[in-house]
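The values are calculated or read from the model by the stated rules, or taken from the named source; none is laboratory data. Computed from a predicted model, the values in this text were never measured in an experiment. No Cβ is skipped: glycine too gets one built from the backbone with ideal geometry, and neighbour counts run over all protein chains shown. Remember, those area values only see protein heavy atoms, side chains included, never the ligands or the DNA or RNA. Shrake-Rupley method; radii C 1.70, N 1.55, O 1.52, S 1.80 Å.
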Amino acid sequence: MAMTNSIANEHISKMAPYAVANLSTAGGLPLLSMAQNESIRPPSPNAIEAGRAVMKLGAEYPDPDYPNLRDTIAEFYRIDADRILCAAGSMELINCITQAFAGPGRRVLSSEYGYALFRNSAEKVMAPFDTAKEINYTVSVDNLIESVRPDTALVYVANPGNPTGTKLPLSEMVRLREGLPDQTVLVIDEAYGEFTDEEDLLSSSLLDASNLIILRTLSKAYGLASARVGWGVFPSNLGSEVRKLIIPSSVSSVSAAMASAAIADQAYMRETCDLTNKLREDFHRQVTEIGLHCINSHTNFVLIEFPSVDLAVSADKALRDVGVIMRGMGGYNLPQCLRATVANSNVMKVATERLVTWARENLR
Ligand SMILES: *Cc1c(COP(=O)(O)O)cnc(C)c1O
């Protein structure tokens, strides 16, 4: 849909829209979504109750500093509340961070299969975007450091990665931070951080680096994708700049209340993660047994690698015929892969059974 005579700014008219999942099923079948990395279950009942309770304040603007939400995050993640910024999903934070630190002549660097919004945010501000090769679907710190140019302003790494699901140890994150110039800002997006406990960046010494931003979201482990709440930990000199770019009160009062209550219910979130990890491991094993390759995941999804692009397309079609929709990876230059979000056990059963029969007919 690129229009040549657009009256929009040239860099916008040339930009591809951010690709969202195609959720249409064959013949109006009920949708069994494995496409959007959503939680296997609704948010904590406490979050639903808390959201309902603030609806009566609907006439009032939210406090743009979200004091209750930031205090709750500070308490449960043991971080100074002054260092936390909240926004309408980590997507808003990514857009604001890129707007603050990158632009024409201020490059953005990410890894080969980095989250698509990193590139999209760079295009919006005309910042050149570079990528560093991954190794075995895993971020390579050496390749990232080698790809830094004198005008690289910003480096984005999702850890664990999306769409790969792979995770680098804390020691590698430390090595990356130490290998970057002091004036380069490093953003580590931990959207899936809750699914893996070990080596928590938030409780590490890296947290005190002056050029490091850590992002988290309520959209995955907390099951609040619809509420649109993300947060980040910022060194104060960087946070004060990004703060200027966040739309005031972009998190609604209902969303902020739901988020606070969800974070306060750590037991529910932990249970979601445990259930998800168990379902993921079962799925990984079953898919491997039928002869497909799964990348080891530390998230609520699995990247499945097919022997060819044609076979990935064929499996996608077979799954859609029973209403199951996974995410095609053509946009990530991985057309031989499908990304399967862990869904509830009923959906997982339908998907696995369909893949088993498909494999019998299509894999030698
Ligand atoms: C899902 C996801 C996000 C979350 O975005 P929200 O705007 O908070 O819903 C951020 N980063 C990555 C890598 C993701 O996969």
- Within the stretch 326-364, can you find the residues that are crowded, with 24+ Cβ neighbours inside 10 Å and part of a loop (DSSP other than H, G, I, E, B)? V342, A343
- Residue that is most open to solvent (accessible area, probe 1.4 Å), among those in the stretch 235-254 that are more than 16 Å from the ligand (Cβ to nearest atom) and part of a loop (DSSP other than H, G, I, E, B): K244
- the stretch 84-123, subset surrounded by 24 or more Cβ atoms within 10 Å (Cβ to Cβ) and over 28 Å from P64 (Cα atoms), residue nearest to the ligand (Cβ to nearest atom): G114
- Residues satisfying the stated conditions in the stretch 1-29, i.e. more than 26 Å from the chain's Cα centre (by Cα) and part of a loop (DSSP other than H, G, I, E, B): M1, A2, M3, T4, N5, S6, I7, A8, N9, L29
- Message: Restricting to the stretch 126-135, name every residue that is without any contact (Cβ under 8 Å) to a residue 40 or more places away in the chain, open to solvent by 30 Å² or more (accessible area, probe 1.4 Å) and not charged (D, E, K, R).
- Response: P128, F129, T131, I135
- Query: In the stretch 154-179, what count of residues is obtained for those that are more than 16 Å from the ligand (Cβ to nearest atom) and open to solvent by 10 Å² or more (accessible area, probe 1.4 Å)?
  - Reply: 9
- Item | Criterion violated by Q266 - all others in (1) closer than 21 Å to F76 by Cα; (2) among the polar types (S, T, N, Q); (3) within 15 Å of the ligand (Cβ to nearest atom); (4) out of contact with any Asp or Glu (no Cβ under 9 Å at 6 or more places or on another chain) satisfied | (3)
- Every listed condition ((1) touching a Ser or Thr at 6+ places or on another chain (Cβ under 7 Å); (2) closer than 25 Å to T272 by Cα; (3) not in a helix (DSSP H, G or I)) holds for Y61 save (2)
- Any pair with Cβ under 6 angstrom, 6 or more apart, that starts in the stretch 174-194 at a residue that is closer than 18 Å to P150 by Cβ and ends at one that is away from the ligand (no atom under 16 Å from the Cβ) and open to solvent by 30 Å² or more (accessible area, probe 1.4 Å): G179/I145
- So M258 fits all but one of (1) part of a helix (DSSP H, G or I); (2) surrounded by fewer than 23 Cβ atoms within 10 Å (Cβ to Cβ); (3) within 15 Å of the ligand (Cβ to nearest atom); what number is the exception? (2)
- Message: So, in the stretch 196-233, exactly how many residues are buried (at least 18 other Cβ atoms within 10 Å of the Cβ), within 16 Å of the ligand (Cβ to nearest atom) and either among the β-branched types (V, I, T) or assigned to a loop (DSSP other than H, G, I, E, B) (or both)?
- Response: 13
- Query: Within the stretch 85-108, is even one residue outside any helix (DSSP H, G or I), closer than 24 Å to G161 by Cα, charged (D, E, K, R) and under 18 Å from the mean Cα position of the chain (by Cα)?
  - Reply: no
- Message: Condition first: touching an Asp or Glu at 6+ places or on another chain (Cβ under 8 Å) and without any contact (Cβ under 8 Å) to a residue 40 or more places away in the chain. Now tell me which residues in the stretch 336-353 satisfy that.
- Response: Q336, L338
